[in-house]
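The structure appears right after this line, and notes come after that.
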Amino acid sequence: MDFDQIVADYGPLLSRVASSYEANLHLQQELLQEISLAVWQAMKGFKGNSSVKTYVLRVAHNKAVTHVAYHAKQPHNEPYCEVENPSPDTSMSTEKSVSQTSMVSSLLQAVRRLPMQPRQIVTMSMEGLSYQEIAEVCGVSAVNVGVILNRAKKTLMEQLNHEQ
Amino acid sequence: MSNKPNDLEALWHQQTVSTVDFEQLQKQWKILRLKQYFYLLMDVSSLIALPIIIYLFPKELSTFELVWFSFVFVLVFVMSLCIIWMRRYSLGFKVDAGNTNEFVERFRLQYKQNIRIAYWNKILCFVTPLIFMLYLVVAYFGEYVQPDVLLKKGKLLMGISAVCMPLLWIWASKREQKFKKRLAEFEAQWDVQNSAVG
């Protein structure tokens with residue numbers, strides 16, 4: 001599969017994986033580049049045993065694990081960074097746009113507060129992967145995926161409702 | 001927000017996304033490949049340096065030095081194999097090699113091996129001067145090398161021992177501490193996860 005096509009199809013997904021691991025925008029962009037490079041290299045080894053999306057997500061999360069291993073220190077306090085925040089959708093009214101940006105930001109913060117495995121599972125679920133596909137990526141049973149996912153979603157809902 | 005988990009999915013997809021810089025990606029790939037070639041060159045040159053010396057300067061070397069260099073070469077060769085063995089978790093360490101749990105486990109094991117490699121490098125800092133001294137003592141008392149030549153070699157070897165070995169020890173010690181810290185931080189991240197879902 002052509003890499004341009006992969007980026008076109010899965011670029012936004014890769015960006016969301018990066019944002020679930022890294023709050024600092026500069027490091028987030030760096031991680032997105034690292035993940036994309038890893039996916040580019042790994043596509044040669046794709047044998048079609050799973051869907052492209054599952055394979056891409058497995059590579060992306062494994063690469064993110066590497067990122068965590070090298071950068072895992074104290075939680076980031078989002079220092080100044082020269083990368084600009086992507087522009088929000090201008091088609092909405094300002095009030096609605098601000099409210100939505102705030103909700104998305106709260107969700108991202110809540111996701112990043114989750115421990116690693118529930119974070120991976122919940123983000124893959126939100127990307128539309130089935131329990132079985134998530135189980136293959138994470139190396140846990142599908143039953144465990146269900147248990148972890150329910151707990152994680154409950155935690156996210158509680159945190160979002162608490163912040164509102 | 002309502003309490004429907006589907007709302008989470010909708011919200012998740014509303015986040016603004018960054019784009020991949022393809023040109024930067026190609027640059028990164030070139031740098032990555034160049035680094036790999038450089039490391040390969042360093043590994044190969046450290047292995048073949050002694051055979052090249054033995055091959056190029058056979059007449060300048062006494063029989064004793066020939067035997068000595070061959071012995072050191074065997075030692076370096078065995079040590080290189082040991083280090084390659086210790087690096088087995090990261091050699092061929094591809095991001096598509098397994099599921100995330102396996103990947104995390106291999107990462108953890110590689111950190112432990114890196115700590116061991118750094119420890120053995122520290123030991124090497126003490127062993128190398130001993131090998132140098134043994135060479136000088138045997139060459140001196142066995143009268144295998146001309147005294148003036150031996151004096152020059154002695155100064156060079158002692159200079160290397162006095163300057164390079166302490167620097168190498170500091171470097172290895174820092175690496176050992178760095179990997180111990182990283183391992184602890186990495187394990188803490190994943191232990192939190194285990195206790196949360198267990």
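The values are calculated or read from the model by the stated rules, or taken from the named source; none is laboratory data. All values derive from a computational prediction rather than experimental measurement. When we count neighbours, we look across all protein chains shown, and the Cβ atoms used for this are built from the backbone with ideal geometry, even at glycine.
Observations, loosely collected:
- Every condition in (1) in a loop (DSSP other than H, G, I, E, B); (2) more than 8 Å from chain A (Cβ to nearest Cβ) holds for B:Glu23 except the one numbered (1).
- Residue list for the stretch B:115-154, restricted to those being touching a helix residue (DSSP H, G or I) at 6+ places or on another chain (Cβ under 8 Å) and of a type in the set (Lys, Arg): B:Arg116, B:Lys122, B:Lys153
- Selection within the stretch B:106-143: residues that are farther than 19 Å from B:Leu156 by Cβ and among the hydroxyl-bearing types (Ser, Thr, Tyr). The member of this set that is surrounded by the most Cβ atoms within 10 Å (Cβ to Cβ) is B:Tyr111.
- Among the residues making up the stretch A:107-140, those that are surrounded by fewer than 19 Cβ atoms within 10 Å (Cβ to Cβ), more than 9 Å from every other protein chain (Cβ to nearest Cβ) and part of a helix (DSSP H, G or I) are A:Gln109, A:Arg112, A:Arg113, A:Tyr131, A:Gln132.
- If the condition is being outside any helix (DSSP H, G or I) and either at the interface with another protein chain (Cβ under 9 Å from one of its Cβ atoms) or surrounded by 13 or more Cβ atoms within 10 Å (Cβ to Cβ) (or both), then the stretch A:141-164 contributes only A:Gln164.
- Filter result (within 13 Å of B:Thr19 (Cβ to Cβ), over 15 Å from the mean Cα position of the chain (by Cα) and in contact (Cβ under 8 Å) with a residue 24 or more places away in the chain) within the stretch A:1-47: A:Val7
- Note on the stretch A:11-48: residues that are of a type in the set (Phe, Trp, Tyr) and more than 9 Å from chain B (Cβ to nearest Cβ) amount to 1.
- The condition of being over 30 Å from A:Ala42 (Cβ atoms), modelled with pLDDT under 85, among the aromatic types (Phe, Trp, Tyr) and surrounded by fewer than 19 Cβ atoms within 10 Å (Cβ to Cβ) holds for only one of A:Tyr80, A:Tyr70, that being A:Tyr80.
- Index of the failed condition, A:Ile121 passing every other in (1) in contact with a Cys (Cβ under 8 Å, 6 or more places away or on another chain); (2) modelled with pLDDT under 90: (2)
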